[in-house]
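The values are calculated or read from the model by the stated rules, or taken from the named source; none is laboratory data. Small disclaimer: the values here were computed from a predicted structure and weren't measured. Virtual Cβ from ideal backbone geometry, glycine too; neighbours counted across all protein chains shown. SASA here: full protein model, heavy atoms, side chains in, ligands and nucleic acids out. Shrake-Rupley method; radii C 1.70, N 1.55, O 1.52, S 1.80 Å.
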Amino acid sequence: MAPHFGLPEFGFLLRGLQWTVLLTLVAFVGGCTAGLAVALLRTCGHKGVEWITRIYIGVFQGTPLLLQLFVVYYGLALTGLKLDAFVAVAIGFTVNASAFLGEIWRGAIQAVPRGQTEAAMALGLHYSSRMRDIVLPQAIRISLPATIGYLVQLIKGTSLAAIVGFIELARAGQIVSNQTFQPLLVFGVVGAMYFILCWPLSWWGSRMEARLALASQR
Amino acid sequence: MQDQILIEMKGVQKWYGGYQALRDVDLTVRKGEKIVLCGPSGSGKSTLIRCINRLEAIQQGSIVVNGHRLDDSIKAIDVVRQDVGMVFQSFNLFPHMTVLQNCTLAPIRARRASKSEAEAAARKYLERVRIGDQAEKYPAQLSGGQQQRVAIARALCMQPKVMLFDEPTSALDPEMVKEVLDTMIGLANDGMTMICVTHEMGFARQVADRVIFMADGQIIEEGAPDAFFRSPQHARTKQFLGEILAHH
């Protein structure tokens, strides 16, 4: 006799949700840090460095994330480096996020008018101050809608982590569904959880976008 | 020391790819001199002043600013930029900072001034360009003329030896041109060394010690404003003045 969907099952989904949130946070924070470095290198003005970063972005944007997760989890295991499933997917998602965020921010940095950098140079400000005080604050504002949009994709994308046996929300739903034979109910709850996580972010993102559009009209 | 040389350009050549933007330019600017650069668009006048603070690199020749030879080293560029202020056609104020922050950023970062020191100096210069009451506002809240006066104050806060003006009134509505020119005239009267790229010939007549005419990347002709406007020597200068003065 299969168990019905009850509190223990719901609790199991909640733990899955916890892992989804945790994985998203780690990947997003790591991806932001590495992505900033990627964006800065991609716009540094040194041809060779820009080229290497371009290839880095191209490789991670141009191959399936699933494949990248396989490589980190199974590929590194072959070289003798056996990683915990969470660590493996966290690395995979972080590297992938760094390429996507790096490219988003590269565009934003280049969207800041050239005159801003020139004025800063004419005032004798060095590269670090030009970036920190002038370019990045403006670039981050420009990129905020796209960055939030990427975060929403990332939350939903973490379900791919199930492929290497990591039990996050989607995988937890699959397990509970198999036990209870109530797929509609279980996946309905799972879907609602994703929605509660993602919808406010999407809403915030589109509001930022509308605001920026308004500000650029003035 | 009225004769001290502040800027000396010798045999300066600059290319953009295959296009030669500056051809064998020689220019000497003494302390306190006011120079107006004019010429048709694409004649290289903006490029010339942008070479002085190394916003553009040159391929041949030499530029010496206040005794420091400008080369590719970061140190040389730094030293020169400390001495040279610049005002742009499109203002280029930092939109995410208040007027006061626009003026204090460079002194704090590049001159290691304390915040209170920098703010006191900034308020003094903002008063001087008659915009002291707008210090807490953001650039977008100001008119074009006010923004350009802030840009002048921002440059002055670094206590430059020379001020470069790159068509400072070209992006302004006509009714705001005067307030910016008046500010520049005030600056000139205070003895600032200035190089102005501008088509404001009234301004040139009033403050310039020398007017320089450029075409095709070369200095074609130069002279004191009276002689320059009354009896230009070269055909190109005559043609240019004819075109530009017809509208005034």
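See the values below:
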item	result
Under the Karplus curve 6.51 cos²θ - 1.76 cosθ + 1.60, θ = phi - 60°, whole-Hz ³J(HN,Hα) for segment B:10-26, x wherever Gly or Pro sits	10, x, 6, 10, 9, 10, 10, x, x, 8, 8, 8, 10, 10, 6, 8, 10
Estimated 222 nm signal from helices in chain B, with DSSP H stretches of n ≥ 4 weighted -39500 (n - 2.57), rounded to 500	-12000 deg cm²/dmol
Computed label-point distance, nm, for sites B:D226 and B:K178 using a 7 Å Cα→Cβ extension	2.7
Spin-label pair B:R23/B:Q239, simplified geometry with 7 Å Cα→Cβ offset, distance in nm	1.3
Buried accessible area, chains B and A (both chains, 1.4 Å probe, Å² to nearest 100)	1700
Segment A:1-160 - percent of accessible surface contributed by carbon and sulfur, probe 1.4 Å	72
Average beta carbon contacts from partner chains per residue of B:100-111, 10 Å cutoff	3
Probe 1.4 Å, accessible area per residue of segment A:99-166, Å²	37
Average partner coverage of B:82-91, which counts Cβ from other chains inside 10 Å	3
Apportionment of accessible area to carbon and sulfur, segment B:151-233, percent (1.4 Å)	43
Cα-based reach from B:K137 at 17 Å (exclusive), listing aspartates and glutamates while leaving out same-chain residues under 8 positions away	B:E119, B:E127
Paramagnetic reach from B:A120 in segment A:90-132 [backbone N under 12 Å; point 7 Å along Cα→Cβ]	none
Net charge of neighbours whose Cβ lies under 9 Å from the Cβ of A:V38, counting Lys and Arg as +1 and Asp and Glu as -1	+1
Net charge of Cβ neighbours under 14 Å - reference B:H68; Lys, Arg +1; Asp, Glu -1	0
Segment B:50-66 and segment A:30-88: distance between their alpha carbon centers, rounded to Å	41
14 Å beta-carbon shell around B:I220, net charge (K/R +1, D/E -1)	0
Inter-part distance where segment A:100-130 and segment B:87-115 are each reduced to a Cα centre, Å	15
Whichever aspartates and glutamates have a C-alpha closer than 17 Å to that of B:K14, once near sequence neighbours (fewer than 8 apart) are set aside	B:D24, B:D26, B:E56, B:D71, B:D72, B:D216
Listed pairs B:K34/B:K161; B:K10/B:K45; B:K31/B:K115 exceeding 22 Å between Cα atoms	B:K31/B:K115
Tensor-based shape of segment A:1-101 (alpha-carbon gyration tensor, a/c under 1.5 rounded, otherwise prolate or oblate)	prolate
